[in-house]
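A quick write-up on the structure given underneath.
The values are calculated or read from the model by the stated rules, or taken from the named source; none is laboratory data. Because the structure is a prediction, the values reported are computed rather than measured. Counting neighbours? That spans all protein chains shown, and the Cβs are built from the backbone with ideal geometry, glycine included.
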């Protein structure tokens, strides 16, 4: 997996804010085809470098496509009327945008961002080229039974933890803040880090990746020398224990084949009398992380730099305490994230009840109530998918846009999305809270959806059926699933009315209950337009009903024109003749005044089936059929 590694070397306080000099490092995995905001403000950016004040609050966006990482400097927006002060530097040039490949890097301010893979793990540590003078291992239970020899400094550091946990809104920030606490409580440590074993590593693989790193300011000059011991990390994971290693820098103990860089580093420590040590404490929650703390014992007044393992016992114990707190907080963050995802799956109008489970449980019990139902379907979706089979992802994006538009129209008008039926959406109003405005809300949602689904893909290819009546609403189906749904004839009727939109050649068909309510509230068609379609007998149903078309007040049909009221009277008269069996009069009126109207063509088509005469059993109701293809 590709990862972005940030290395901030803060040399002094900048921007009028006190920032401890030092080296701050993080390394996060890059999800594919997701835009990530990069900056210094956790409230504005997804990935942050708060220590580098040369990076704006929201400085750039990142997008990894599996091959290259596109980095783009943030543009001027209403929220950010000025561009970022500092440029992005790539290949020694100031750029607004760059394409970064694995192994390359870009720089903003005092931070270098490198594109890495798991193969680009931490290099071998110099200390792995020499012998371990002392080894100490403790399980978590063993450390819990031991007492701190000097608790004052530890307790002082732990005073920071409540504030740290409050600010830990995600895992990276948790790691970063806990490393600062570790440095405060472990004054002899030079650096702290969260390290990780790459997921594809085998038992003999010694690769180690540094996820987060914090080097004490006074030791920033030697930050490049901070590399975690692969052998120590592997041993800690293998034993599942907190492990302490104290290494020798005696030239006689150094592997002569280790390489000149390692030999020089260890030799320099030997000359200065420093003794390197490190503690590695693995997480016990099954994750591939560990807390790594390292330091160097300096010579005392007598020139001795010997470090006793018992003097580092407090360090091991404090590291284990911090790891336990990190594990608990990670679990909490995971639960919070799960709840956020679950809340996103619930209808917007129900999320306010999620904090009261008892009330929610009672509310979800199925009950009969008056509801207004909207069913919206995309026409000819199967043919569209087949036609665009060479680019299924593009076709899927079009369909996803349509589904988002349909469901968004329902929720924007206060409705509940009961679910998706393939390429269709079922929404409803009137539950859990009723109200007289539910029909108007459904009408507004239907018009909004119809308006938004425009363009070559969707023009006249979606149909909506809207009904009102009694239904059972609540948690239906499997009891262990919190699925809100509807049951009742009013739901099936919405499906059937949507089917009729294709036969009538219109966008929205209503049942008479909905239409009558709208005409009561808006008798002159100021907010929308209605017209009678006929007495229909929906497929599979016995009782006929009067169906109506719902239309906006703007467009290019006679319903949206200034002569709507006068033409509506003549239209309704023709439809009533059709229902009464006076087909000769109906056909003449429809043919003379509404020849190009798709509904008139549907009625004429039905009359022509029996040569202009109603059948003997004619009761005024019919099932409209689409024109022949």
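Go through the stretch 615-629 residue by residue and tally those that are free of Cβ contacts under 8 Å to residues at least 60 places away in the same chain and in contact with a helix residue (DSSP H, G or I) (Cβ under 6 Å, 6 or more places away or on another chain).
Residues flagged as free of Cβ contacts under 8 Å to residues at least 60 places away in the same chain and in contact with a helix residue (DSSP H, G or I) (Cβ under 6 Å, 6 or more places away or on another chain) within the stretch 615-629 amount to 0.
Before we move on, is residue 512 free of Cβ contacts under 8 Å to residues at least 60 places away in the same chain and within 20 Å of residue 375 (Cβ to Cβ)?
yes
Examine the stretch 160-177 for a residue that is under 22 Å from residue 310 (Cβ atoms) and assigned to a helix (DSSP H, G or I), and state whether such a residue exists. If you could, list the steps in order and put the result at the bottom.
Restricting attention to the stretch 160-177, the residues satisfying the condition of being under 22 Å from residue 310 (Cβ atoms) are none.
No: zero hits.
Check 49, 76 and return the single one that is in contact with a strand residue (DSSP E or B) (Cβ under 6 Å, 6 or more places away or on another chain) and either touching a residue at least 24 places away in the same chain (Cβ under 8 Å) or farther than 16 Å from residue 112 by Cβ (or both).
Details: 76 fails: in contact with a strand residue (DSSP E or B) (Cβ under 6 Å, 6 or more places away or on another chain).
Criteria check complete, one pass: 49.
I'm trying to understand the selection: among the residues of the stretch 220-259, which are within 16 Å of residue 191 (Cα to Cα), modelled with pLDDT under 80 and touching a helix residue (DSSP H, G or I) at 6+ places or on another chain (Cβ under 9 Å)?
Matches in the stretch 220-259: 225, 226.
Show me the helices (runs of 4 or more DSSP H) entirely contained within the stretch 504-603 in which 2 or more residues are assigned by TED's automatic domain parsing to the domain that holds residue 490, surrounded by fewer than 19 Cβ atoms within 10 Å (Cβ to Cβ) and modelled with pLDDT of 90 or more.
Values: elements: 512-521, 564-580, 583-593.
In the stretch 504-603, the matching helices (runs of 4 or more DSSP H) lie at 512-521.
Out of (1) assigned by TED's automatic domain parsing to the domain that holds residue 237; (2) part of a strand (DSSP E or B), what's the single condition that is false for residue 62?
Residue 62 satisfies all of (1) assigned by TED's automatic domain parsing to the domain that holds residue 237; (2) part of a strand (DSSP E or B) except (1).
Among the residues of the stretch 81-123, count how many are at pLDDT 85 or above, part of a loop (DSSP other than H, G, I, E, B) and either surrounded by 13 or more Cβ atoms within 10 Å (Cβ to Cβ) or touching a helix residue (DSSP H, G or I) at 6+ places or on another chain (Cβ under 6 Å) (or both).
Residues in the stretch 81-123 being at pLDDT 85 or above, part of a loop (DSSP other than H, G, I, E, B) and either surrounded by 13 or more Cβ atoms within 10 Å (Cβ to Cβ) or touching a helix residue (DSSP H, G or I) at 6+ places or on another chain (Cβ under 6 Å) (or both): 9 in total.
When you check residue 172 against the structure, is it over 22 Å from residue 283 (Cβ atoms) and in contact (Cβ under 8 Å) with a residue 24 or more places away in the chain, yes or no?
Working: over 22 Å from residue 283 (Cβ atoms): no; in contact (Cβ under 8 Å) with a residue 24 or more places away in the chain: yes.
It is false that residue 172 is over 22 Å from residue 283 (Cβ atoms) and in contact (Cβ under 8 Å) with a residue 24 or more places away in the chain.
Which of the residues spanning the stretch 62-72 are closer than 18 Å to residue 49 by Cα and buried (at least 20 other Cβ atoms within 10 Å of the Cβ)?
Correct list: 62, 71.
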